[in-house]
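Here's the structure, in structure tokens; my notes come after.
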Amino acid sequence: MPEGVLREAVIDSGAITANVRHLRALTGAEVIAVVKADGYGHGGVRAAVAALEGGANRLGVADIGEALALRRAGIDAPILAWLHAPGASFAEAAAEGIELGISSFDQLLAAAAAASAVRVVGVHLKVETGLGRNGIAPEDCAVVFAEAARLERIGKIRVLGIFSHLSNTTPHDDRAALARFRDALALASVHGLAPQVRHLAASHAAIDLPEARFGCVRLGIAIYGLSPFADRNSADLGLRPAMTLRAPVAAVRRVGAGHGVSYGYLHRAQRETTLALVPLGYADGVPRSASGAGAVRIGRSTFPVAGRIAMDQLVVDVGDAPVAVGDEAVLFGDPTLGMPPVEAWADAAGTINYEIVTRIGPRVPRRQVTQ
């Protein structure tokens, strides 16, 4: 660990670039690289630049604020934002050339209202195919498509894409949603819409359901080198995890049998042992629910967290292992390099790898490397 560093997330931007390049080749499709939620915790601008270097054609974010942050950072690639506050104005987004995901008739009218004599607003119409979230309801598609075609003819909007999202529940469920998506595409064509891109598949379906690719896929978790599947890991998919979360051992204490550890004494030493203090806690996004179970690698060995994870720190019972202040403690990283996988923390916390990396908080500095 560098001297004076209390905690850090090391972000391998080269891994993001390599993952995008690999997935483009695998799917044979255009890529919308999803960099919402600060690039799943990796840094939105950093992830966007790395993904574009890997051949991504567009960037995807949840909201307009995220899109504008990318523009302010100098990124001029196409950006799609698809989740909007009720009654939101699209004027600033339109002025910055942000493409808007449209899920209702009212949003379509708001997008048209943001157009000007010199500016057509690019939109992607989102259709509901069974996930039960946002998206144009099947019974409303005909009206929305007809109005979109009219607004396109008079130069207010341009329908760049039609999209939806899959549940990844079962192949049967996803193929049923795929059929509904095809129906929506056919109806859009009847109304004279001819979008440049059609996108339904996120990482899970992009890899596992080729018929859902439609020449364009939205890739989120996979570009960060993590698997969207429970039964296949990153290496199985040819991906490199981009984030390593680590901290130096801040204190070492030798204690006797029966000594309690952290709040509530959920852990008591079974025998004389060494406790190592690691300055990462739930204020940094380390899940408290993984107390007593999360994996930490120190030296060449991996140990479970001992006792309750606190706001700023956690404790590892290392037994008689030779651990010293300043030794590197890795919570997760690339398992092919001997580090605990992020999935070990997800399993310990009863959640998914997406949440673990995304929840790493702003108190943890990100340090970019390229390998």
Query raised in the report: Of the residues Leu266, Leu187, Leu275, Leu237, which single one is without any contact (Cβ under 8 Å) to a residue 60 or more places away in the chain, in contact with a Cys (Cβ under 7 Å, 6 or more places away or on another chain) and either within 30 Å of Gly326 (Cα to Cα) or open to solvent by 10 Å² or more (accessible area, probe 1.4 Å) (or both)?
Result: Leu187
Query raised in the report: Only one residue in His165, His124 is open to solvent by 40 Å² or more (accessible area, probe 1.4 Å) and not basic (Lys, Arg), so which one is that?
Result: His165
Query - One residue from Ile360, Ile356 being outside any helix (DSSP H, G or I) and closer than 16 Å to Val286 by Cβ - result: Ile360
Report task. Would you point out which residue out of Leu108, Leu83, Leu68, Leu125 is at pLDDT 95 or above, in a strand (DSSP E or B) and not hydroxyl-bearing (Ser, Thr, Tyr)? Result -> Leu125
Query raised in the report: Is there a residue in the range 326-336 that is assigned to a helix (DSSP H, G or I) and under 24 Å from the mean Cα position of the chain (by Cα)?
Result: yes
Query raised in the report: Name the residues in the range 287-338 that are among the hydroxyl-bearing types (Ser, Thr, Tyr) and more than 23 Å from Arg271 (Cβ to Cβ), would you?
Result: Ser289, Thr336
Query raised in the report: Where residues in the range 73-90 are of a type in the set (A, V, I, L, M, F, W, C) and more than 22 Å from Ala33 (Cβ to Cβ), which of them is least open to solvent (accessible area, probe 1.4 Å)?
Result: Phe90
Requested in this report: Select from the range 240-263 the residues that are in contact (Cβ under 8 Å) with a residue 12 or more places away in the chain and on the phi > 0 side of the Ramachandran plot and list them in ascending order.
Outcome: Ser262
Report summary line: Result of the Cβ filter at 9 Å on the range 1-22, keeping first residues that are in a helix (DSSP H, G or I) and partners that are among the aromatic types (Phe, Trp, Tyr), at least 6 apart or interchain, is Ala15/Tyr224; Ile16/Tyr224; Asn19/Tyr224
Query raised in the report: Given the conditions (1) assigned to a helix (DSSP H, G or I); (2) more than 32 Å from the chain's Cα centre (by Cα), and given that Ala206 satisfies all but one, which numbered condition is not satisfied?
Result: (2)
**Report entry** Counted residues, the range 30-42 - those being open to solvent by 10 Å² or more (accessible area, probe 1.4 Å) and more than 13 Å from Ala222 (Cα to Cα)
**Finding:** 4
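The values are calculated or read from the model by the stated rules, or taken from the named source; none is laboratory data. Everything numeric here is computed off the predicted structure, so don't read it as measured data. Heads up, the Cβs are rebuilt from the backbone with ideal geometry, glycines too, and the neighbour counts pull from every protein chain shown. Areas reflect the complete protein model, heavy atoms only, side chains present, ligands, DNA and RNA absent. Shrake-Rupley method; radii C 1.70, N 1.55, O 1.52, S 1.80 Å.
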